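Before any comments, here is the structure.
The values are calculated or read from the model by the stated rules, or taken from the named source; none is laboratory data. Quick caveat, the model's predicted, so the values are computed rather than measured. Using ideal geometry, Cβ is built from the backbone for each residue, glycine included, and neighbour counts are taken over all protein chains shown. Heads up: the accessible areas ignore ligands, DNA and RNA and are worked out on the full protein's heavy atoms, side chains in. Shrake-Rupley method; radii C 1.70, N 1.55, O 1.52, S 1.80 Å.
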Amino acid sequence: MKFFLDTANLDEIREAASLGVLDGVTTNPSLMAKEDGDDYPAVLKEICDIVGGPVSAEVVADDSDEMIRQGRTFARLSEHIVVKIPMTPEGMKAVKTLSADDIKTNVTLCFSANQGLVAAKAGATYISPFIGRLDDAGMDGMQVVADLVDIYERYAFTTQVLAASIRHPMHVVEAARLGADVSTMPYKIFQQLFKHPLTDIGIELFNRDWAKVMERRKANVRR
Ligand code: G3P
């Protein structure tokens, strides 16, 4: 499973990339609004340079012509750009056109297997089911991931399932168990993946015991 960071924060991306297990980044207008800057293309370019892997850049438009125009502009920034397009009929027209130009796409705001099936038929590179927002609405977000993994395998679609709107580490584990290709997550959850209280306790114990060995060694050398 690939790990993507769901953020437009350059410090978080640098920090996560330095750990060596980051594969890509997804951004959106809301994530960009949380940061100070207003130059989205410049931020995207910098993210691409840091990560060297897929970076989703979201279009903001209602009609396919404008989505295609924005998508082509993003794609010129870097070979790593993936154009993020909302799951609407106009969006699917844009996906079809951009895919034909070999521009990678990520269909976002997917809340059902039906939508994911349409996106795959349009030629999307990635589909982003929003797990957390479905759970928040009292539905089972992970079921959409399970359905899409199953459907894509059955029909040999190459569209990758990108589990998005992840709220906690168990979402990542469950998406991995179901065979999702990617999980995109906030930095806080990425950090949580590394942690377990028993690991911390274990390190403390080993350090304490090793200090005892060193003390004994010092005493033996003095003798
Ligand atoms: O990648 C999509 C993601 O940003 C949505 O997450 O937490 O706003 O539901 P959230």
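For segment 190-200, how many residues meet the condition of being in a helix (DSSP H, G or I) and open to solvent by 100 Å² or more (accessible area, probe 1.4 Å)?
The qualifying residues number 1.
Residue under question is residue 94, and the condition is that it be assigned to a helix (DSSP H, G or I), in the same structural domain as residue 167 (by TED's automatic domain parsing) and of a type in the set (Gly, Ala, Ser); does it hold? Even if it seems obvious, please write down each step before you answer.
Details: assigned to a helix (DSSP H, G or I): yes; in the same structural domain as residue 167 (by TED's automatic domain parsing): yes; of a type in the set (Gly, Ala, Ser): yes.
Judged against the criteria, residue 94 is a match.
Which residue pairs have Cβ atoms under 9 Å apart, sit 6 or more places apart or on different chains, and have a first residue in segment 125-142 that is over 11 Å from residue 108 (Cβ atoms) and outside the structural domain of residue 111 (by TED's automatic domain parsing) and a second that is more than 10 Å from the ligand (Cβ to nearest atom) and modelled with pLDDT of 95 or more?
Note: no pairs meet the criteria.
Quick check on segment 34-49. Is at least one of its residues within 30 Å of residue 173 (Cβ to Cβ), touching an Asp or Glu at 6+ places or on another chain (Cβ under 7 Å) and within 14 Å of the ligand (Cβ to nearest atom)?
no
I need the full set of residues from segment 111-133 which are more than 18 Å from residue 83 (Cα to Cα), open to solvent by 10 Å² or more (accessible area, probe 1.4 Å) and within 15 Å of the ligand (Cβ to nearest atom), in order please.
Restricting attention to segment 111-133, the residues satisfying the condition of being more than 18 Å from residue 83 (Cα to Cα) are 111-114, 117, 131-133.
If we keep only those that are open to solvent by 10 Å² or more (accessible area, probe 1.4 Å) too, we end up with 111-114, 117, 133.
Correct list: 111, 133.
Take the residues in segment 134-182 that are among the charged types (D, E, K, R) and part of a helix (DSSP H, G or I); name whichever of them is farthest from the ligand (Cβ to nearest atom).
So the first thing to find is which residues in segment 134-182 are among the charged types (D, E, K, R), and the list is 135-136, 140, 147, 150, 153-154, 167, 174, 177, 181.
Going one step further and asking which of them are part of a helix (DSSP H, G or I), we end up with 135-136, 147, 150, 153-154, 174, 177.
On the way: 135: 10, 136: 8, 147: 19, 150: 22, 153: 23, 154: 26, 174: 16, 177: 20 Å.
Among those residues, the one meeting the criterion is 154.
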